[in-house]
Amino acid sequence: MSRIGIFGGTFDPMHKGHLIIINEFINKWLLDRVLIVPAYVSPHKINENTLFPAEIRLEIIKKSIADNQSISVDDFEISKPTPSYTINTINHIEKKYPDSNLYLLIGTDQLKNFHNWHKYEIILKKVWIIVANRHTEDKIINENIKYLELNNEYIDISATDIRNIIKNNGDLTEWIHPNAISTIKNYLQSNENIG
């Protein structure tokens, strides 16, 4: 059976920290593939606007992963302008890859409230939960959830920090894959009032 990793999020925008985490996910759990599943609207961020529209976020992801055969993007969530529930995505991926073990990567920040996710008990029966370290003051333990740890190195940057760099016309070379920088710059030039 193949081993498929699932990594969801808003990816506004995808940055090198995401890519480092994905590669650790692949290497530590011997995954055959990681599917990046960008959300059009996260159920946890319904009232938040993204800096980049869906089609630009998708293009940034595609350009950022173009040189890695083990990573692909699934547009199941981002193609629907409604909140995305993880259980629906898992059901979709199960049908697409029927002979696979599925591994869902979440962050420590998401683990805290995972028991509030839509149909979380069913999710736990369908996938292995892998938890990546995020910047949190304390180690978050959720006794309701059985999970495994990625034990990744913490990367001291966030999408919020990168959005602030973008809004201030800062240098992106340290944080954004070189293939994707032109997509961001072209979008900013055609939307000069952004930020």
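Summary of values
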{"read-out": "Pick from the stretch 71-90, criterion among the hydrophobic types (A, V, I, L, M, F, W, C) and not in a strand (DSSP E or B), ranking: nearest to I61 (Cα to Cα)", "value": "I78"}
{"read-out": "Residue within the stretch 42-63 that is closer than 28 Å to N116 by Cα, of a type in the set (K, R) and under 13 Å from the mean Cα position of the chain (by Cα) present", "value": "yes"}
{"read-out": "Looking only at the stretch 13-24, and only at residues there that are surrounded by fewer than 23 Cβ atoms within 10 Å (Cβ to Cβ) and over 14 Å from R134 (Cβ atoms), the one that is nearest to the chain's Cα centre (by Cα)", "value": "L19"}
{"read-out": "Index of the failed condition, T82 passing every other in (1) surrounded by 15 or more Cβ atoms within 10 Å (Cβ to Cβ); (2) within 19 Å of G8 (Cβ to Cβ)", "value": "(1)"}
{"read-out": "Failed item, numbered, when T173 is tested on (1) within 28 Å of F52 (Cα to Cα); (2) touching a residue at least 12 places away in the same chain (Cβ under 8 Å)", "value": "(2)"}
{"read-out": "Every pair of residues 6+ apart whose Cβ atoms lie under 6 Å, when the first sits in the stretch 6-22 and is more than 18 Å from F76 (Cα to Cα) while the second is outside any helix (DSSP H, G or I) and of a type in the set (K, R)", "value": "none"}
{"read-out": "Residues of the stretch 118-161 that turn out to be at pLDDT 95 or above and part of a helix (DSSP H, G or I), as a count", "value": "7"}
{"read-out": "Inter-residue pairs, beta-carbon under 7 Å, first within 11 Å of I122 (Cα to Cα) and touching a residue at least 24 places away in the same chain (Cβ under 8 Å) and in the stretch 82-95, second assigned to a loop (DSSP other than H, G, I, E, B) and among the aliphatic types (A, V, I, L, M), 6+ apart", "value": "I90/V127"}
{"read-out": "Considering residues of the stretch 148-162 that are out of contact with any Phe, Trp or Tyr (no Cβ under 7 Å at 6 or more places or on another chain) and surrounded by fewer than 17 Cβ atoms within 10 Å (Cβ to Cβ) only, the residue nearest to R134 (Cα to Cα)", "value": "Y154"}
{"read-out": "Filter pass, I155 being without any contact (Cβ under 8 Å) to a residue 40 or more places away in the chain and over 20 Å from Y40 (Cα atoms)", "value": "no"}
{"read-out": "Hits in the stretch 73-99 (condition: out of contact with any Gly (no Cβ under 8 Å at 6 or more places or on another chain) and polar (S, T, N, Q))", "value": "S79, T82, N88, N91"}
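The values are calculated or read from the model by the stated rules, or taken from the named source; none is laboratory data. Just so we're clear, the structure is a prediction, and the values are computed from it rather than from any experiment. Every residue, glycine among them, receives a Cβ derived from its backbone with ideal geometry; neighbour counts consider all protein chains shown.
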